[in-house]
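Below: the structure, in structure tokens.
The values are calculated or read from the model by the stated rules, or taken from the named source; none is laboratory data. Because the structure is a prediction, the values reported are computed rather than measured. As a convention, Cβ positions derive from the backbone with ideal geometry for all residues, glycine included, and neighbour counts pool all protein chains shown.
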Amino acid sequence: MPERDDGFRRLDEPSPLEVRGRSRRGVERLDTRREDLAPRGAGAILDAGIDALRARFLACFGASVVLWIGPAWLMAFAPPEDMAARLAGGDPAAVAFAQLGASFAQTMISAVVQIFATILVSVILRAEFVGEPLTLGAAGSLVARRFLSILGCIILVGLLSIAGFVACILPYFFLLWRLSLAPLACAAEDQGPAESVARSFALTKGSFLRWAAVSIVAICMLAPMNAVAGGAAQAQVRQTALENLAVSSELYSTILWIAATLFFAVSTAATAAITTAYYYDCRVRREALDLRARLEAIAEPRGAGSPA
């Protein structure tokens, strides 16, 4: 028998005014974000990134956790020295070579996951800067559709960075700066690997001091979490902990797995938020994105009332 609508609301039912109020505040917040686009200094870029992360923290943190579960498990339960001992037997030379290969493989996996998580979080946070809401599922779908292009962009950026490192230290840092926005441009602007690299070079022109200041502060903020998780996975630290603590190797690995997943997820989400703020600051400075956003905001009410 259907319930009769007697005009009263149950105690556990949210008020329609409250629901509409939350929705209205969300729209107003995104509109304010879009209208607040402006050239920012290094401190303002950091503030904008952290504010955006706080607004979508659960979605960004959850996405990062999912992506870091696998690499953190490898770090905790399959350290390079154990993998080398299993694969190479007792030959010292073969063990050293296998350990080097295992360390390189895990480093590359972590780097790729870091970049993909940064891209995913940046796509989620797009609404916090340009007022274009995007759900977690839609952000994941966008990154999945662009997977091959993003992977190609990551490989190209990696090869160029390695070339800069081999050439000298200064070209390496120069390329880190000029290529810092290439993966983000590849995902956000639907461009190919080569076009994304060219786009990053165009956007970052004249922004070295801001990039350096933002990068140094972000490293100082997030390095302790990464150092704790990475240091606990080292063979010597692991052995010392097992000798001095009343825990089994399996329990230590489990704690390390959980801690590394959480620490790396928080660090990745914060890095992505700051990188996104830097990306939009570069777009504001290079192509007047703030003026375009204001013009679109003025034109929207007129377009809404115009006949189809």
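Give me the residue from segment 77-113 that is surrounded by 18 or more Cβ atoms within 10 Å (Cβ to Cβ) and either at pLDDT 90 or above or not in a helix (DSSP H, G or I) (or both) and, out of that set, farthest from the chain's Cα centre (by Cα).
Pro79
Exactly one of (1) free of Cβ contacts under 8 Å to residues at least 24 places away in the same chain; (2) in contact with a helix residue (DSSP H, G or I) (Cβ under 6 Å, 6 or more places away or on another chain); (3) under 23 Å from Ala182 (Cα atoms) is unmet by Val95. Its number?
With (1) free of Cβ contacts under 8 Å to residues at least 24 places away in the same chain; (2) in contact with a helix residue (DSSP H, G or I) (Cβ under 6 Å, 6 or more places away or on another chain); (3) under 23 Å from Ala182 (Cα atoms) applied to Val95, the lone miss is (3).
Which of the following residues is free of Cβ contacts under 8 Å to residues at least 40 places away in the same chain and out of contact with any Asp or Glu (no Cβ under 8 Å at 6 or more places or on another chain): Leu251, Leu222, Leu262, Leu256?
Step by step, each of Leu251, Leu222, Leu262, Leu256 is checked, and only Leu251 is free of Cβ contacts under 8 Å to residues at least 40 places away in the same chain and out of contact with any Asp or Glu (no Cβ under 8 Å at 6 or more places or on another chain).
Mind listing whichever residues of segment 227-258 are surrounded by fewer than 16 Cβ atoms within 10 Å (Cβ to Cβ), part of a helix (DSSP H, G or I) and of a type in the set (S, T, N, Q)?
Gln236, Gln239, Thr240, Asn244, Ser249, Thr254
Among the residues of segment 119-143, what is the count of those that are surrounded by fewer than 23 Cβ atoms within 10 Å (Cβ to Cβ) and not in a loop (DSSP other than H, G, I, E, B)?
Selection size over segment 119-143: 9.
Here are some conditions: (1) surrounded by 13 or more Cβ atoms within 10 Å (Cβ to Cβ); (2) in contact (Cβ under 8 Å) with a residue 60 or more places away in the chain; (3) within 24 Å of the chain's Cα centre (by Cα). Leu209 meets all but one. Which one does it not meet?
Going through the list (1) surrounded by 13 or more Cβ atoms within 10 Å (Cβ to Cβ); (2) in contact (Cβ under 8 Å) with a residue 60 or more places away in the chain; (3) within 24 Å of the chain's Cα centre (by Cα), Leu209 breaks only (1).
Contact list please: Cβ distance under 9 Å, first residue in segment 152-174 and assigned to a helix (DSSP H, G or I), second residue β-branched (Val, Ile, Thr) and exposed (fewer than 15 other Cβ atoms within 10 Å of the Cβ), pairs at least six apart or on different chains.
From segment 152-174, the pairs are Tyr172/Ile162; Tyr172/Val166.
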